[in-house]
Amino acid sequence: MCILKSLTDQELISSYLGGSAKSIEVLIKRHRHRVFGYIYLIVKNRELAEDIFQDTFVKIINTLRSGSYKEEGKFLPWVVRIAHNLAIDHFRKENRMPKLRETEEFSIFDIIPDKQENAEEKTITRQIHQQVRSLIELLPREQREVLVMRHYGEMDFKEIASVTNVSINTALGRMRYALINLRKLIERRHMVVQ
Amino acid sequence: MKQQVTFNELLLFACNETSLSDTVRVETALSADPVLRETFRDIIINIQAAEREISKISYAPGEECLSKVFNYSRLVGGV
């Protein structure tokens, strides 16, 4: 397992196709936070995010096994693109777009502790997490998408434009307003705290 | 003469996504135009603020969710 962790994404894919089931597990674990983070911030519902996460990787596994994967060196953006399409498919089927679920309680499972924390530290971490999530969720969906695609999906603007079916200038415009709005929200939060 | 650089080009430049020729063009424009430098500084501050905020949080699927994916991968192939 330790040796597998040192392999690149492409090497893990080759290893998986060569018969090592552990390789795909290492690959999925490596990217699980980013892929799940992207899905969760778009659909805003943990259960649905987990369903889409599973569907995404089932599709990834099937594509890899069929030999049609061609995205050399671009594994994560490819995964996020599939996750994005599945999320959009879901909303199309449901005939609705995600809305802010104000009644949804913050889940302790959202936090990935980096270290052992005492009760007070856990509370602070939880509060920070909740505040940041609230700020990002306040952004319009198109702006949120661009922001999280760049952060979680490590996608460039050309890829984001392609996935979201807009021009690169539109993707850049959305990023511009996402950054401006997020900064305003952060400043407003600081004013409230002070 | 000041070079024309759009806001979107500045944003691309800030994200290291400009072509070599555009990079040179934006750098030249920035060195000649203090107003453009101020706009660029704002872009960098906004990007850094967003990165700082997003980096404070992390998400992960539950163990059961991961297990289902791993089970599927074992089912369809691999040792």
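Rule-based calculations on the coordinates, nothing more; no lab input. Being a predicted model, the structure only gives us computed values, none of them experimental. Neighbour counts are summed over all protein chains in view; Cβ atoms, including those assigned to glycine, are modelled from backbone coordinates with ideal geometry.
Spin-label model, B:R41 to A:I88: label points 7 Å out along the Cα-to-beta-carbon direction sit 3.9 nm apart. If you take the alpha carbon atoms of the protein assembly as shown and fit the smallest convex hull around them, that volume is 162 Å³ per residue. Normalised radius of gyration (Cα atoms, divided by 2.2 N^0.38 Å) for segment A:7-104: 1.16. For chain B, what is the Kirkwood estimate of the hydrodynamic radius, computed as the reciprocal of the mean inverse distance between distinct Cα atoms, to one decimal in Å? Radius from the Kirkwood sum: 16.1 Å. A convex hull fitted to the Cα coordinates of segment A:120-190 yields 81 cubic angstrom per residue. Over 25 Å apart at the Cα level, from the set A:K5/B:K68; A:K59/B:K56; A:K74/A:K184, are A:K59/B:K56; A:K74/A:K184.
Return the FRET efficiency for the residue pair A:Q130, B:L75: r is the Cβ-Cβ distance, R0 is 45 Å, and the value is rounded to the nearest 0.05. That pair, A:Q130 with B:L75, gives E of 0.75. Take each residue in A:10-21, count the other chain C-beta atoms within 10 Å of its C-beta, and the mean is 2. With respect to chain B, whose longest principal axis is taken over its alpha-carbon atoms, helix B:63-76 is tilted by about 70°. Per-residue ellipticity at 222 nm from helix content only, as computed over chain B with -39500 (n - 2.57) for each DSSP H run of at least four residues, stands at -23500 deg cm²/dmol.
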